[in-house]
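The values are calculated or read from the model by the stated rules, or taken from the named source; none is laboratory data. Since the structure is predicted, the reported quantities are computational estimates derived from the model, not experimental observations. When we count neighbours, we look across all protein chains shown, and the Cβ atoms used for this are built from the backbone with ideal geometry, even at glycine.
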Amino acid sequence: MGNHKVRRLGAVVVGLASIGLVGCGSDDSDAASVTTGATSTTASDTSATSASAPSAPTERPTSMADWEALWAEERAAIVQRIADEGWGTSADDSTLTGPEGLTVDLTACPSGWSGTEGLTDTGIKIGQTIGLSGIYAYPTILDGQRTVFDHYSSEGAFEDSTGKTRTIELITRDDVTDPGRTPALIDELIDSEKVFATITAASANTFRVYGKLNDRCIPHSVISSGHPAWGDPVNHPWTTGFQLSYITESTIWGAFIDAHIDEFPDGTVTVATLALDNDYGAVATGALDAYLKQSEHADRLELVSEKVDLAAPVVTDQMTTLASKDPDFLFVMVGGGQCSTVINEAAQNGMKESVTYKFLPNVCLLAGPTTKEAVGGDGSSADAWWVVNGGGVDLEDPNQFDDAFVAFARELIESAGLDPDAPGDYGSGVGSGWLISQVLQIAGDLPGGLTRSNYLLAERTMDMTNPMLLEGMQLTMNGNADPYLFESGVLQTWDAAGQAWVNQGDPIDLSGRSEPCAWDGSKGVCA
């Protein structure tokens, strides 16, 4: 970053609050579509758009006893809110109702559908497809989930209102992150294993099965993908995501450009993107492009883009082309397995020094691409790269080891015979395992105990303090009005010497501002 001063995020927040937050595509090159993303706000109006605003961020507890007490209070508040509003499954089991007009027609579920399939008096079957081998393998996510599930199961946490106490049985299939393999594996999980709920990873894989899972009325949670399509409570109420939306991330990028453009006082400011040639790349690039077109600095901004295939082992040609444009900003939108390759390519072709601000995507955090082991040598090639981190709590950051939850999570991982500092991303697994554990407990406390309908309702009324998020970042959903769990992030830079991400200012929270997305795959936009 040279001598450029890192600004506090107040400037970015002002930038976000002063524009209408943008959508995921455009109908033509002149007019950006504003059909999803987040609702328009002003500097004087930063309240959430839903009728029931999320609770204020809670100060981080300093012991696990305090954490568990806080979560118990928050779960009880959700259960009480549902009771006070009269939400839930109708007496004739035909309809599920929830916040902000959430309505699910249970009579449309298949003949013979059961809200308790996958449950026994003692067990809960959860089925997952995820890449455990190949270039996009994330076994540490699975391991993180399993350690949390095993912990809460051993504690007897899943006792429901009918008096049944269950443990979680996590059944996993390796789809090698190959979209062609996922459908058959999901069929096996739902038809042969007859699981209660499902988990998938990656956008392309999830698109292959989320229609079927919704048609079958099977909960489909914590998808490892930031595609906006997972925020569609009207058409796909059973599906929810578990990452910062690509649109929210791109919007924060755009606001960052606005906040720093004065550092480039003369002439055109060139913004470069290296994006996957798929829905993710199209959504992220489209959102950034739409932001830039409505920026007050639009006449000074030029966007140049290159595409790369998800399976490409090298990105030399694309990075060489971008380097020739002499960009001031670089935003990378690739798969986790390509992140280290991009970093090293930038170091080799001179972009590491010539590009003032270089951003990796949030998805790269899953792969740990900035470590010495990942980039090689002394690790300096990754120094000073930026990211918008949709969580902020890092189980491998020595500066956070004294945090009560971080210490607890690391102990859980170690007690399972695993190394919490191994390459990968235990944090995402711990975070998603924690969330599903909370949803199961909330659903179990509702009338009728644990059922698929109660699980969906518990998710869609979520308002809790996530231990994997920094203070100031919220975990909320609110029926049809707010379908995204994660709408906050913190800007970070990689410190190669310390081998850690360093926060640059305070978190940006946009909870409740992202509009639902009825994804139109034929046009690549939210309808």
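Among the residues in region 475-483, are any without any contact (Cβ under 8 Å) to a residue 60 or more places away in the chain, touching a helix residue (DSSP H, G or I) at 6+ places or on another chain (Cβ under 9 Å) and surrounded by 22 or more Cβ atoms within 10 Å (Cβ to Cβ)?
Filtering region 475-483 down to residues without any contact (Cβ under 8 Å) to a residue 60 or more places away in the chain leaves 475.
Filter again for touching a helix residue (DSSP H, G or I) at 6+ places or on another chain (Cβ under 9 Å), leaving 475.
Pick out the ones that are also surrounded by 22 or more Cβ atoms within 10 Å (Cβ to Cβ) and you get 475.
Yes: one or more hits.
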It is to be established whether one or more residues within region 128-138 are hydrophobic (A, V, I, L, M, F, W, C), modelled with pLDDT under 95 and within 27 Å of Val363 (Cα to Cα). yes
All conditions in (1) under 29 Å from Lys212 (Cβ atoms); (2) surrounded by fewer than 13 Cβ atoms within 10 Å (Cβ to Cβ); (3) touching a strand residue (DSSP E or B) at 6+ places or on another chain (Cβ under 9 Å) are true of Gly115 except (2)
Over region 281-304, the set of residues within 19 Å of Lys358 (Cα to Cα) and crowded, with 19+ Cβ neighbours inside 10 Å is Gly281, Ala284, Thr285, Gly286, Ala287, Leu288, Asp289, Tyr291, Leu292, Leu301
Ala259 meets each of (1) assigned by TED's automatic domain parsing to the domain that holds Gly98; (2) in contact with a Lys or Arg (Cβ under 8 Å, 6 or more places away or on another chain); (3) surrounded by fewer than 24 Cβ atoms within 10 Å (Cβ to Cβ); (4) not basic (Lys, Arg) with one exception, condition (1)
Picked from region 105-143 (must be assigned to a strand (DSSP E or B) and touching a Phe, Trp or Tyr at 6+ places or on another chain (Cβ under 7 Å)), the residue nearest to Asp178 (Cα to Cα) is Ile130
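From the list Lys352, Lys358, which one is modelled with pLDDT of 95 or more, charged (D, E, K, R) and in contact with a Phe, Trp or Tyr (Cβ under 6 Å, 6 or more places away or on another chain)? It would help to see each step written out before you state the result.
Details: Lys352 fails: in contact with a Phe, Trp or Tyr (Cβ under 6 Å, 6 or more places away or on another chain).
That would be Lys358, the only listed residue that is modelled with pLDDT of 95 or more, charged (D, E, K, R) and in contact with a Phe, Trp or Tyr (Cβ under 6 Å, 6 or more places away or on another chain).
Table: residues versus (1) in the same structural domain as Val334 (by TED's automatic domain parsing); (2) touching a residue at least 40 places away in the same chain (Cβ under 8 Å); (3) assigned to a loop (DSSP other than H, G, I, E, B); (4) not acidic (Asp, Glu).
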| position | (1), (2), (3), (4) |
| --- | --- |
| Thr162 | no, yes, yes, yes |
| Thr172 | no, yes, no, yes |
| Asp178 | no, yes, yes, no |
| Ala184 | no, no, no, yes |
| Asp187 | no, no, no, no |
| Val195 | no, yes, yes, yes |
| Thr206 | no, no, no, yes |
field: Test: Gly267 is surrounded by 23 or more Cβ atoms within 10 Å (Cβ to Cβ) and assigned by TED's automatic domain parsing to the domain that holds Thr320
entry: no
When region 315-372 is checked residue by residue, the ones that are of a type in the set (Gly, Ala, Ser) and touching a strand residue (DSSP E or B) at 6+ places or on another chain (Cβ under 9 Å) are Ala323, Gly335, Ala346
When restricted to Gly431, Gly448, the only residue assigned by TED's automatic domain parsing to the domain that holds Val406, in a loop (DSSP other than H, G, I, E, B), touching a strand residue (DSSP E or B) at 6+ places or on another chain (Cβ under 9 Å) and touching a residue at least 12 places away in the same chain (Cβ under 8 Å) is Gly448
Pairing a residue in region 333-353 that is of a type in the set (Val, Ile, Thr) with any residue that is modelled with pLDDT of 95 or more and surrounded by fewer than 20 Cβ atoms within 10 Å (Cβ to Cβ), where Cβ atoms lie under 8 Å and the two sit 6 or more apart in sequence or on different chains, gives Thr341/Val314
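Filter the helices (runs of 4 or more DSSP H) completely within region 316-423 down to those with at least 2 residues that are in contact with a His (Cβ under 8 Å, 6 or more places away or on another chain) and more than 23 Å from Ile141 (Cα to Cα). Working first, answer last.
Details: elements: 316-324, 339-349, 351-354, 372-375, 404-415.
No helices (runs of 4 or more DSSP H) qualify here.
For residues that are of a type in the set (A, V, I, L, M, F, W, C) and part of a loop (DSSP other than H, G, I, E, B), scanning just region 60-103, find the one that is surrounded by the fewest Cβ atoms within 10 Å (Cβ to Cβ).
Taking region 60-103 first, the residues of a type in the set (A, V, I, L, M, F, W, C) are 64-65, 67, 69-72, 76-79, 82-83, 87, 91, 96, 102.
Applying the additional criterion that residues be part of a loop (DSSP other than H, G, I, E, B) yields 87, 91, 102.
On the way: Trp87: 18, Ala91: 7, Leu102: 22.
Checked region 60-103; the qualifying residue surrounded by the fewest Cβ atoms within 10 Å (Cβ to Cβ) is Ala91.
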The correct count of residues that are modelled with pLDDT of 95 or more and of a type in the set (Gly, Ala, Ser) in region 291-317 is 3
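Of Ser511, Ser453, which residue is touching a strand residue (DSSP E or B) at 6+ places or on another chain (Cβ under 9 Å), in contact (Cβ under 8 Å) with a residue 12 or more places away in the chain, surrounded by 22 or more Cβ atoms within 10 Å (Cβ to Cβ) and not assigned by TED's automatic domain parsing to the domain that holds Val148?
So the residue among Ser511, Ser453 that is touching a strand residue (DSSP E or B) at 6+ places or on another chain (Cβ under 9 Å), in contact (Cβ under 8 Å) with a residue 12 or more places away in the chain, surrounded by 22 or more Cβ atoms within 10 Å (Cβ to Cβ) and not assigned by TED's automatic domain parsing to the domain that holds Val148 is Ser511.
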Note: among Ala204, Ala157, Ala197, just one is modelled with pLDDT under 95 and surrounded by 18 or more Cβ atoms within 10 Å (Cβ to Cβ), namely Ala204
Restricted to region 306-342 and to residues being among the β-branched types (Val, Ile, Thr), surrounded by fewer than 22 Cβ atoms within 10 Å (Cβ to Cβ) and over 23 Å from Thr268 (Cα atoms), the residue nearest to the chain's Cα centre (by Cα) is Thr341
Residues of region 468-505 being acidic (Asp, Glu) and over 19 Å from the mean Cα position of the chain (by Cα), in sequence order, are Asp495
